[in-house]
Amino acid sequence: MAFLAVFRRIGRAGRCLPLLAAGLAMLFGSGVARAQDGSREYQIKAAFLYHFAQFVKWPGTSFSDANAPFCIGILGDDPFGSALEDTVQGETIDSHPIRVRRGESLDELRDCQMIFVSHSEEGRIGEILSQLGARPVLTVSEVESFARNGGDIDFYLSNGKVRFEINPQSAERCGLKMSLQLLSLGRIVEP
């Protein structure tokens, strides 16, 4: 859990993208983090989700009002346990407090700015992305080839390390702007 404390210090220290990029690169080495067991893997993925949100800009219309929370949704089975809540507790994204919501359908997650699509939804990826359409929602999954099939970011394991792929074209179609720092940390893929 020490890496979570470091992430929080980096995030609070200056709230600037260059510092966050340096912190991520130092801790994860070019989009990589070692995953030694399942719970550690999801602690790492939870930290990545939090930092992905810091490296993406959403259009102003993404929030119902200035006090609305930044919502991270988990669609389907939840692999994180308490790791995601532990990671984002007390944190904000552009002064929006972060909330985690779980749901079995997109209707339950309609106000979320980021949705993690669980492995349990693998057979519905096309339907899910079609339902989201051009809504400004950052989609993240660990389903193989998720980013190549129209999602924004997908996690994969390589030699016991968590890595991620990014589909910047998909994010742009939804009105999301990914920072160059984020794009430099992941492997870029095209649909």
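The values are calculated or read from the model by the stated rules, or taken from the named source; none is laboratory data. This one's a predicted model, so the numbers in the text were calculated from it and none came from an experiment. All Cβ positions, glycine included, derive from the backbone under ideal geometry; neighbour counts span all protein chains shown.
Okay, here's what the table says:
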quantity	calculated
Count of residues meeting criterion [in a loop (DSSP other than H, G, I, E, B) and farther than 21 Å from R135 by Cβ] in the stretch 88-107	4
Unique match (being within 19 Å of C112 (Cβ to Cβ) and either out of contact with any Ser or Thr (no Cβ under 9 Å at 6 or more places or on another chain) or modelled with pLDDT of 95 or more (or both)) among L129, L183	L129
Criterion (among the charged types (D, E, K, R), farther than 14 Å from F52 by Cβ and modelled with pLDDT of 95 or more) met by exactly one of E104, E91	E104
Unique match (being touching a Phe, Trp or Tyr at 6+ places or on another chain (Cβ under 9 Å) and under 28 Å from E190 (Cβ atoms)) among P97, P59, P136	P136
Out of A147, A171, sole residue that is of a type outside the set (F, W, Y), free of Cβ contacts under 8 Å to residues at least 60 places away in the same chain, buried (at least 21 other Cβ atoms within 10 Å of the Cβ) and more than 14 Å from K45 (Cβ to Cβ)	A147
Residue that is surrounded by the fewest Cβ atoms within 10 Å (Cβ to Cβ), among those in the stretch 86-115 that are of a type in the set (D, E) and in contact with a helix residue (DSSP H, G or I) (Cβ under 8 Å, 6 or more places away or on another chain)	D86
Which numbered condition R124 fails, given (1) touching a residue at least 24 places away in the same chain (Cβ under 8 Å); (2) closer than 16 Å to G151 by Cα	(1)
Qualifying residues in the stretch 174-191 (those that are part of a strand (DSSP E or B) and hydrophobic (A, V, I, L, M, F, W, C)) - the one surrounded by the fewest Cβ atoms within 10 Å (Cβ to Cβ)	I188
Evaluation of D111 against (1) modelled with pLDDT of 95 or more; (2) in contact with a Lys or Arg (Cβ under 9 Å, 6 or more places away or on another chain); (3) at negative phi (one fails), failing number	(1)
Qualifying residue in the stretch 150-169 (condition: modelled with pLDDT of 95 or more, of a type in the set (D, E) and assigned to a loop (DSSP other than H, G, I, E, B))	yes
Subset tally (residues that are among the hydrophobic types (A, V, I, L, M, F, W, C) and within 18 Å of L182 (Cα to Cα)) for the stretch 45-71	9
